[in-house]
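Quick notes on the structure that follows.
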Amino acid sequence: MRDTVQSVHQDAEIGRHANEPLFLLFYLSLGVAFGIVLTRSEVVSWFRIQEMFHFQSFRMYGIIGSAIATAAISVALIKKLQLRSVSGEIIAIPRKDLGSGIRYVVGGTIFGLGWALTGACPGPLFALIGSGVPVMIVAVLSALAGTWVYGWLRPRLPH
Amino acid sequence: MMEWIRGEWPWYVAGPLIGLFVPALLIAGNKLFGISSNLRHLCAALVPGRVAFFRYDWKRTGLWNLFFLAGVLVGGLIASHLGAAHDVAISAQSKESLVRLGIHDFSGLVPRELFRWQMLLTLRGFVSIIVGGFLVGLGTAYAGGCTSGHAISGLANFELPSLIAVLGFFAGGLAATYLILPFLLRGI
């Protein structure tokens, strides 16, 4: 890994090393870990999502809240220490453009409707296919259709 | 140890573990944790058409994330073999209100009476799986993120757009839970 780090330091092109086999393998294994955590913690469960939207348990709020807190502390530390990534780039998180805000209000609400109806957000949809709910393949295909329709309508939508 | 892995993970273990994926991806390759961009990458890879939104080098910007996504699927498979199947331990109150809505089978991660192939031909199944999935894709693309990209990555970076999006997620989720699902599920 050390060799990679040094060679990348001399390389100005951003993101060039992301597709090296070693990195891809790492992202794959990180995904495996994420799928296991999502499934074993039951975040993928329709029942847990219903329980959350009915405010009948603290569990999901605890999970999401402590995930945000952990991520926020990590991000603050990374910024404070001005860390470089293993791939050699200075770590920078691009800020999201607020625009009129309409896309976040309307898009967010549309996603929320879908989240409660399917009982799953995008990550869990894929984890559920793996964990033995094959009909979620249809939900994923529908989600792809939804994304495609957005891409097609995009020039005509307020952002 | 194995007992612990097999059982139900407490929220204070699951939450921080999920949060750690943000620094792990940043430190590895300056990558921002977010699942829903993969839906765009998949469209760009499979059916870009003449839509400008899908005309970009998805391999350069998205291949890493598609590998992550493939991992999530494999992770679900592995997790389902880690422990014996057990009912999701939702609160008695939740169970009661779901029984009132007509849910009887609590033996899996999702109600099997709803998420089966045959149910696609019923209104309940069609709306839960096909309409729900469509709204997930449309909404996350329009909002530019989902629970991972906005609620976790975005809020962790104190971004106002993400806060607005997350409030939207809950507004939509509550609307579907209280205004649509009760009518949809009655009499499964």
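Computed from the coordinates by the stated procedures, all read-outs in this text should not be read as laboratory data. None of these values were measured; they are calculated from a predicted model. All Cβ positions, glycine included, derive from the backbone under ideal geometry; neighbour counts span all protein chains shown.
The phi torsions of segment A:46-60, fed into the Karplus equation with coefficients 6.51, -1.76 and 1.60 and a -60° offset, translate into couplings of 3, 5, 5, 5, 5, 4, 5, 5, 8, 6, 9, 7, 7, 3, 5 Hz, rounded to whole numbers, with Gly and Pro shown as x. Considering only B:153, B:74, B:126, and ranking their Cα positions along the charge dipole of segment B:67-188 that arises from unit charges at the beta-carbon of Lys, Arg, Asp and Glu, the one farthest toward the positive end is B:126. Both radii were evaluated on the Cα set of the protein assembly as shown; the Rg over Rh quotient, with Rh as the Kirkwood radius, amounts to 0.96. Across chain A the C-alpha pair distances fall into 5 Å bins from zero in the proportions 1, 7, 11, 13, 15, 17, 17, 11, 5, 2, 0 percent.
Treating chain B as a set of equal point scatterers at the Cα positions, no solvent, please give the Debye-formula log₁₀ I(q)/I(0) at q = 0.10, 0.17 Å⁻¹. The Debye formula, applied to the Cα set alone, gives -0.54, -1.49.
Sorting B:73-82, A:116-125, A:130-139, A:89-98 by their mean Cβ neighbour count within 10 Å, with the most densely packed peptide first, gives A:116-125, A:130-139, B:73-82, A:89-98. Long hydrophobic helices in chain B: the complete DSSP H runs spanning 18 Å or more by Cα along their own axis with mean Kyte-Doolittle hydropathy of at least -1.0 are B:58-82, B:160-175. Averaged over peptide B:36-46, the number of partner chain Cβ atoms lying within 10 Å of each residue's Cβ comes to 5.
Proximity of backbone amide H atoms, modeled 1.01 Å from N, is registered between residue A:101 and no other residue at under 5 Å, excluding neighbours fewer than 5 places apart on the same chain. Adding -39500 (n - 2.57) for every DSSP H run of four residues or longer, then dividing by how many residues the protein assembly as shown holds, sets the calculated 222 nm ellipticity at -18000 deg cm²/dmol.
The orientation-averaged projected area of the convex hull spanned by the Cα atoms of segment B:1-103 comes to 10.3 nm².
Taking the Cα centre of each part, how many Å lie between segment A:126-144 and segment B:130-159? Between the Cα centres of segment A:126-144 and segment B:130-159 lies a distance of 17 Å. Each Cα pair of segment A:85-150 feeds into the Kirkwood radius, which the Stokes-Einstein equation turns, at 10 °C and 1.306 mPa s, into a diffusion coefficient of 110 µm²/s.
With a 10 Å cut-off around each Cβ of A:98-104, the average count of Cβ atoms from other chains is 5. Taking 25 Å as the straight-line reach from the Cα of residue A:96, the lysines in range (excluding those fewer than 8 positions away in the same chain) are A:79, A:80, B:31, B:59.
Semi-axes of the equivalent ellipsoid of segment A:17-100 are 30, 20, 13 Å, computed as sqrt(5λ) over the eigenvalues of the C-alpha gyration tensor in descending order. Here segment A:57-118 has an Rg and Dmax of 16.4, 43 Å, counting Cα atoms alone.
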